[in-house]
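Trainee: Have a look at this one.
Read-outs: derived from the displayed coordinates by stated rules, not from any lab. Keep in mind that what you see is a predicted model, and the values were worked out from it rather than measured. Because the Cβ atoms are built from the backbone with ideal geometry, glycine has one as well, and the counts that use them run over all protein chains shown.
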Amino acid sequence: MRIKNLLFILPTILIVLLAACSSQSTEEQIHSHLEQAVGLEAEFENQQSAITDLEVQEQEIYNQIIDLGMEDFQQITELSNEALSIIDQREEKIELEKQSIESSQEEFTKIEDLIPNLEDTEVKEKAEAMYGVMDNRYSTYIALNKAYVNSLELEKELYTMLLQEEIEQEELTEQINSINESYEQVLDLNEQFNNHTVEYNALKKEFYDAAELVVSYE
């Protein structure tokens with residue numbers, strides 16, 4: 001039910017280094033940490049299609065349930081249990097996604113102590129702007145993850161309610177409204193996260209250009 005996939009960071013390859021330098025410059029060290037952070041988000045990217053597929057499967061089950069009446073309670077029970085199983089799978093994958101982002105963040109923050117060492121004013125300003133946007137991106141993801149997990153819990157409650165034959169329609173409607181409100185927050189944070197990702201990709205390119213690092217974008 002997330003509707004839109006999350007965008008990811010564009011990886012780059014540094015193809016020209018200063019041959020005269022026996023050790024990496026500050027710019028090159030930052031590049032190294034940035035690209036390692038990208039690599040650590042690979043699991044985050046890998047989970048995207050799987051999560052979307054599970055969301056679609058669950059939506060199809062939900063559509064089947066709402067087309068049934070209480071005389072089909074046995075079928076509603078079977079479908080609800082199937083939906084609960086899918087939610088468990090979504091929880092597992094969203095946790096893997098979160099772990100990937102946290103690993104990426106841990107690597108990325110290593111550039112914070114390197115930025116003050118940049119000598120060129122423009123390069124330093126680009127690095128600071130890039131760092132700020134990426135920091136916001138990570139913070140937004142944490143909020144997004146919490147909102148998404150909360151939505152899963154609300155969905156679990158809904159399907160558990162559907163396992164009760166005497167459940168009142170009013171209770172179900174109230175729960176569905178709570179789920180819809182929760183996913184509105186998810187969609188809003190999703191959009192913010194994607195906007196931060198687009199902005200970060202642009203700023204990273206500007207930083208590499210200002211630092212005169214010759215890179216190839218995959």
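Trainee: Which ordering of Ile9, Ile115 is given by a fewest-first count of other beta-carbon atoms within 10 Å?
Mentor: Sorted ascending by nearby Cβ count, the order is Ile115, Ile9.
Trainee: Please list, or write none, the lysines whose alpha carbon is within less than 19 Å of the alpha carbon of Lys156, excluding same-chain residues fewer than 8 places away.
Mentor: Cross-link targets: Lys93, Lys146.
Trainee: How do Leu162, Leu213 line up, fewest other C-beta atoms within 10 Å first? Please report the intermediate quantities before stating the final value.
Mentor: On the way: Leu162 23, Leu213 20.
Final ranking by Cβ density, sparse to dense: Leu213, Leu162.
Trainee: Stretched out fully, how many nm does the piece from Asp209 to Thr160 gain, at 0.36 nm a residue minus the Cα gap? Please report the intermediate quantities before stating the final value.
Mentor: On the way: separation 49, 0.36 × 49 = 17.64 nm, distance 5.46 nm.
Between Asp209 and Thr160, full extension yields an extra 12.2 nm.
Trainee: Tell me which GluC sites (Glu not before Pro) from segment 87-180 have a DSSP coil assignment and no more than 15 other beta carbons within 10 Å of their own. Each step should come with its number before you reach the end.
Mentor: On the way: sites: Glu91, Glu92, Glu95, Glu97, Glu102, Glu106, Glu107, Glu112, Glu119, Glu122, Glu125, Glu128, Glu153, Glu155, Glu157, Glu165, Glu166, Glu168, Glu170, Glu171, Glu174; in loops: Glu112, Glu119, Glu165, Glu166, Glu168.
Those that pass, being in a loop and sparsely packed, are Glu112, Glu119, Glu165, Glu166, Glu168.
Trainee: Taking the chain as a Gaussian network, Cα atoms linked when under 10 Å apart, which of Met161, Met70, Met130 shows the biggest mean-square fluctuation?
Mentor: Its mean-square fluctuation being the largest, the pick is Met70.
Trainee: Check the straight Cα-Cα distances from Lys205 and name the lysines below 29 Å, setting aside those fewer than 8 residues away within the same chain.
Mentor: Cα-Cα hits under 29 Å: Lys4, Lys98, Lys110, Lys124, Lys126.
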